[in-house]
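Colleague: Quick one: the structure is below, and I'll ask about it shortly.
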Amino acid sequence: MKFKNAFRFTEHSDAMMAFWDKDLVCRFANSAYLKWFGFSPEDLIDQVTLPQLLGPIYKKNLPYITKALEGEIQVFERELTQIDGTIRNTLATYTPEIMEGEVTGIFVHVVDISFISPLAPHALSESATLKSDPKKSDQCGPLDKVEKMLRASLLLEFPGIDTLSKECFISPTKLKRDFKSRFNSTPFLYYRNLQMQIADKYLQENLLSKSQLADMFGFANQSNFISCYKRYKSS
């Protein structure tokens, strides 16, 4: 599974990675994870539980934690505050470790996506308003839900038009037409564009190789990833 493969290069990534056992005790944390929360390995590993670490946001994450402990991969966005007070928008992935049919813990992979543009190029200003106005975002429509699902799927496979349609209560035809009108992009190309924004950051900072990124984003092979990345850079 691609999420487990990501742990092969934990110390070469600025993504936060950790493993919490079924009792939610930390058993592993990479340097980025330790730095983010201001812990030394001795103070965190085998010492701290996930509720203790997350504090007030634990209750917000609990539904995802529960589902992960039930064996389901969870991907969601969350604002996190660093030890220095900096607030970052992150994409978290909880991947259950299953051994002999039982969940033994959760792999956690958290990527800082603060640098990602929330919209595809040439998107209408109406969408930006929805993003920045909490009152309006509480009443978001089908397209906003589609966009949210695409962002939550960046480290998973593309959900597919039929799934997006059913989950967001909009017909496939209307979804494609209205999405194109608002974002000047198809849902799939929008999804790839966001992935390539993450990939570009990792490549520019020499954090991950193209092969590792191809694996992380679920491409069938490296050449497919390279072609996609080149199209993104030339657009």
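Colleague: Please determine, by comparing only the residues of segment 161-180 that are crowded, with 16+ Cβ neighbours inside 10 Å and part of a helix (DSSP H, G or I), which one is nearest to the chain's Cα centre (by Cα).
Modeller: Only one residue tops the list, namely Leu164.
Here is a yes/no grid of residues against (1) among the hydroxyl-bearing types (Ser, Thr, Tyr); (2) farther than 20 Å from Val110 by Cα:
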residue: Cys168; (1), (2): no, yes
residue: Leu175; (1), (2): no, yes
residue: Phe188; (1), (2): no, yes
residue: Gln195; (1), (2): no, no
residue: Phe217; (1), (2): no, no
residue: Tyr229; (1), (2): yes, yes
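Colleague: Can you say whether Asn206 is surrounded by fewer than 19 Cβ atoms within 10 Å (Cβ to Cβ), farther than 17 Å from Leu91 by Cα, in contact (Cβ under 8 Å) with a residue 12 or more places away in the chain and not β-branched (Val, Ile, Thr), as far as the supplied structure shows?
Modeller: no
Colleague: So in segment 20-36, with the set limited to residues that are touching a residue at least 40 places away in the same chain (Cβ under 8 Å) and crowded, with 19+ Cβ neighbours inside 10 Å, which one is farthest from Ile98 (Cα to Cα)?
Modeller: Trp36
Colleague: Take segment 208-235 and flag every residue that is under 17 Å from the mean Cα position of the chain (by Cα) and not polar (S, T, N, Q).
Modeller: Leu208, Leu213, Ala214, Asp215, Met216, Phe217, Gly218, Phe219
Colleague: Of Ile226, Ile198, which residue is at pLDDT 95 or above and among the aliphatic types (A, V, I, L, M)?
Modeller: Ile226
Colleague: Go through segment 1-36 and give me each residue that's in a loop (DSSP other than H, G, I, E, B) and either of a type in the set (Gly, Ala, Ser) or modelled with pLDDT of 85 or more (or both).
Modeller: Scanning segment 1-36 gives Ser13, Ala15, Lys22, Asp23, Leu24, Asn30.
Colleague: Checking the condition under 21 Å from Asn89 (Cα atoms) and modelled with pLDDT of 75 or more, which residue from Leu164, Leu150, Leu130 passes?
Modeller: The unique qualifying residue is Leu150.
Colleague: Where residues in segment 76-112 are crowded, with 19+ Cβ neighbours inside 10 Å and among the β-branched types (Val, Ile, Thr), which of them is modelled with the highest pLDDT?
Modeller: Selected residue: Ile106.
Colleague: So in segment 209-229, with the set limited to residues that are touching a residue at least 60 places away in the same chain (Cβ under 8 Å), part of a helix (DSSP H, G or I) and not polar (S, T, N, Q), which one is nearest to Ala15 (Cα to Cα)?
Modeller: The residue in question is Met216.
Colleague: Counting just the residues of segment 54-75 that are farther than 21 Å from Val103 by Cα and not basic (Lys, Arg), which one comes out surrounded by the most Cβ atoms within 10 Å (Cβ to Cβ)?
Modeller: Step by step, filter segment 54-75, then rank; the result is Leu54.
The values are calculated or read from the model by the stated rules, or taken from the named source; none is laboratory data. Being a predicted model, the structure only gives us computed values, none of them experimental. Cβ sites come from the backbone with ideal geometry, for glycine too, and all protein chains shown count toward neighbours.
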